[in-house]
1. 5 Å is the cut-off here: which amide hydrogens, built 1.01 Å from N in the peptide plane, fall below it relative to V48, excluding neighbours closer than 5 in sequence?
2. Extent of the range 33-82 along each principal axis, from alpha carbon coordinates, in Å, largest to smallest?
3. In debye, nearest 20, what is the charge dipole magnitude of the chain about its Cα centre with +1 on Lys and Arg Cβ and -1 on Asp and Glu Cβ, if you could check?
4. Specify which residue in the list V90, L18, Q41 is farthest towards the positive end of the charge dipole of the chain, using unit charges on the beta carbon of Lys, Arg (+1) and Asp, Glu (-1), about the Cα centre.
5. Identify which of K98, K74, K32 has the largest mean-square fluctuation in a Gaussian network model of the chain, with springs joining Cα atoms closer than 10 Å.
6. Mind ordering 60-68, 6-14 by average Cβ neighbours within 10 Å, highest first?
7. With a cut-off of at most 16 other beta carbons within 10 Å, and DSSP calling the residue loop, which GluC sites (Glu not before Pro) in the range 11-103 qualify? Please list them.
8. On the first, second and third principal axes, largest extent first, how far apart are the outermost C-alpha atoms of the range 5-111 in Å?
Amino acid sequence: MSTLVNIRVVDDVAVIRLSFNEISLEQREELKKELLAMVTQGQNKFVVNLSHVGFLSSLVIATLIVIAKEARQKGGDVRLCCPLEEALNVIQITQLDKVFKIYKGEPEAVDSFK
């Protein structure tokens, strides 16, 4: 998963940088498993950086929704940042902008948890 996803923690926020246009079902399951394990271990604040994602597939959307649900149950949230125009169009068409807070920059998204 390391070639597709980079995860680092800034303060107490997990910053996830996705780098792919398409993701297989197997890769999606691996990503979901890794993120759910983080939630289980107490991580409940996530920023997902979409600056390297050209197409936001239904597999990725479903994963983000699952992680958001689990994080919110633990008092946290998932925020999106830096979406490219194509990904932003998908977010708006699917009305995910009503589900996720979206920020232009990563520092702004991380700071939103303070």
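Quick note: the coordinates plus some simple rules give every number you see, no bench work behind them. Since we're looking at a predicted model, the values are computed, not measured. Note: ideal-geometry Cβ built from the backbone for every residue, glycine included; neighbour counts use all protein chains shown.
1. Under 5 Å from the amide H of V48 lie the amide H atoms of I16, R79, L80, C81, each far enough along the sequence or on another chain.
2. The principal-axis extents, from largest down, are 30, 19, 15 Å.
3. Rounded to the nearest 20 debye, it is 340 debye.
4. Q41
5. K98
6. Final packing ranking: 60-68, 6-14.
7. Numbers: sites: E22, E26, E29, E30, E34, E70, E85, E86; in loops: E22.
Listed in order of number, the matching sites are E22.
8. Extents along the principal axes: 33, 32, 23 Å.
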